[in-house]
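Below is one structure, written out as structure tokens, with a few remarks after it.
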Amino acid sequence: MTELLFRGATVYTPDGPGEFDVTVSDGVITSVGPRGSGRGKAVDVSGNWLLPGGIDVHVHSRDPGFPDKEDFGTLTAAAAAGGVTTVVDMPNTVPAVDSAGALESKAALARSRSRVDFGLWALIRSSSTAEQLVELASAGAVGFKAYLGYSFSVSRKQVLHALGASDPDLEAPPDYGTLTRLAPAIAELGLPLVIHAEDPGILHAFRRPFETYEDVLEARPAEAESVAISATASVARQHDIHLHIAHVSSALGLQAAEEAIAAGTRLTLETCPQYLWRTEADFARLGTAMKMNPPVRRASDQQALRDALRREVISVVATDHAPHTDDEKAQDLEHAPPGTPGVQTLYLSCLELARHMGDPWLAARWVSEGPAALAGLSESKGRIAPGYDADLVVVDPKQSTTFSPKAMRSRQKHGALEGLKVSFAITSVYLRGVPIYANGRLSTRSTGRMVRPAGIPIA
Ligand SMILES: [Zn+2]
């Protein structure tokens with residue numbers, strides 16, 4: 001049994017920060033007590049902060065499917081360097097995770113390469129059946145994701161960023177009918193339903209070529225978000241489903257969500273650092289690194305999102321880490337694919353934002369505690385407390401970091417937060433008590449395990 005003693009740090013606990021010793025045995029936190037009370041092999045983290053490992057519930061590993069964009073190795077190298085000790089991967093890899101078999105294959109692949117723990121979301125297609133959802137849950141899915149308005153190539157088993165056409169290979173996107181049909185099964189399973197909330201009817205009405213960033217904003221109006229949130233919330237409320245809205249980007253979307261919460265919907269909200277840190281004005285400098293769906297909008301939207309975090313209406317900050325190759329992103333606005341890497345900069349960008357708001361420790365709630373609750377991991381991750389996994393991030397509050405392409409471990413080097421300077425640095429990261437990153441270097445061994453939500457029987 002290896003006993004470790006982290007001493008000298010200011011530790012963020014569920015009751016707030018304090019000066020504590022933290023002991024770890026066999027990868028699990030065994031005590032959080034007064035200075036001098038712990039025993040074990042000392043890890044001196046004096047002058048630093050000790051935070052619970054980040055949990056990024058919205059990443060796109062591109063694995064399997066697009067190894068030139070990313071794979072579980074590069075994704076989790078970036079995660080480890082950024083203090084993210086658990087990633088939850090979206091199901092639009094290729095083949096898509098629409099069956100228990102596809103989930104199990106992807107889990108095996110991720111296990112072989114992952115430097116951090118990982119969970120897997122399962123895909124809802126318009127053709128999905130209740131039986132398939134039950135099997136996906138038994139195989140370990142963290143929950144279900146529906147991309148409203150994204151059709152599905154049956155031959156390639158791929159979710160497409162397209163509304164669909166008359167092509168017989170394309171299966172229609174899941175719609176409100178699909179969700180209503182599957183709602184009883186989702187409710188029975190008790191897993192969250194995650195929505196990419198952009199209403200396809202509204203997107204269709206505003207289609208246009210992209211010449212300027214204003215075209216992007218006009219093509220994906222905030223009404224697309226608010227209508228999708230209101231409609232799915234109505235279904236979720238009727239069936240008492242936990243509905244989670246991915247990447248909320250607009251004040252109007254927030255308003256729809258708050259109305260749904262007030263009406264009794266079990267609704268959680270996620271936003272991303274790019275919506276909290278960037279506005280349309282940044283496009284001139286960042287270019288297509290800032291092209292994503294939904295888009296980064298106006299300063300008033302950014303303000304509303306920050307305010308919702310402060311009011312704890314938004315409980316999760318995740319990244320929608322969606323890398324492409326830098327060559328693909330170097331195309332013009334019309335042709336560059338949507339998405340930005342983000343997992344490596346999640347924790348630090350949130351610490352900086354929380355510092356601006358007057359309480360940097362809030363970041364641990366947004367990137368660890370809130371996400372753990374969403375993913376069904378509240379009993380094992382997201383807190384520095386006895387019985388929890390020793391997923392620990394050591395942060396130096398006296399060093400600063402500027403996000404630069406050369407430090408990025410994802411395949412795509414240029415991201416939407418490029419150039420942001422934060423008043424913190426991550427010095428080391430531990431996954432279940434094992435050091436996976438220290439002073440700019442990753443450990444050589446991949447030690448990630450699959451996480452599954454508590455309370456779901458294993459098949
Ligand atoms: Zn996404």
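The values are calculated or read from the model by the stated rules, or taken from the named source; none is laboratory data. Predicted model only: the values in this text are computed from it and were never measured. Using ideal geometry, Cβ is built from the backbone for each residue, glycine included, and neighbour counts are taken over all protein chains shown. Surface accessibility is based on the protein's heavy atoms, side chains included, excluding ligands, DNA and RNA. Shrake-Rupley method; radii C 1.70, N 1.55, O 1.52, S 1.80 Å.
Just one of the listed residues (419, 382) is touching a strand residue (DSSP E or B) at 6+ places or on another chain (Cβ under 9 Å), open to solvent by 20 Å² or more (accessible area, probe 1.4 Å), under 19 Å from residue 272 (Cβ atoms) and of a type outside the set (Ser, Thr, Tyr), namely 419.
Answer yes or no: is there a residue in the stretch 258-272 that is basic (Lys, Arg), assigned to a loop (DSSP other than H, G, I, E, B), more than 16 Å from the ligand (Cβ to nearest atom) and modelled with pLDDT of 95 or more. Looking through the stretch 258-272, at least one residue is basic (Lys, Arg), assigned to a loop (DSSP other than H, G, I, E, B), more than 16 Å from the ligand (Cβ to nearest atom) and modelled with pLDDT of 95 or more. Residue check: residue 228 meets all listed conditions (1) without any contact (Cβ under 8 Å) to a residue 60 or more places away in the chain; (2) small (Gly, Ala, Ser); (3) closer than 30 Å to residue 283 by Cα but one, namely (1). Of the strands (runs of 3 or more DSSP E) lying entirely inside the stretch 10-115, those carrying at least 1 residues that are within 16 Å of the ligand (Cβ to nearest atom) are 54-59, 84-89.
Quick one: is residue 338 buried (at least 17 other Cβ atoms within 10 Å of the Cβ), farther than 21 Å from residue 76 by Cβ and within 16 Å of the ligand (Cβ to nearest atom)? Considered against the rule, which asks whether it is buried (at least 17 other Cβ atoms within 10 Å of the Cβ), farther than 21 Å from residue 76 by Cβ and within 16 Å of the ligand (Cβ to nearest atom), residue 338 comes out as yes.
A quick yes/no check of all residues on (1) among the acidic types (Asp, Glu); (2) open to solvent by 30 Å² or more (accessible area, probe 1.4 Å); (3) at positive phi:
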| position | (1), (2), (3) |
| --- | --- |
| 128 | no, no, no |
| 136 | no, no, no |
| 157 | no, yes, yes |
| 161 | no, yes, no |
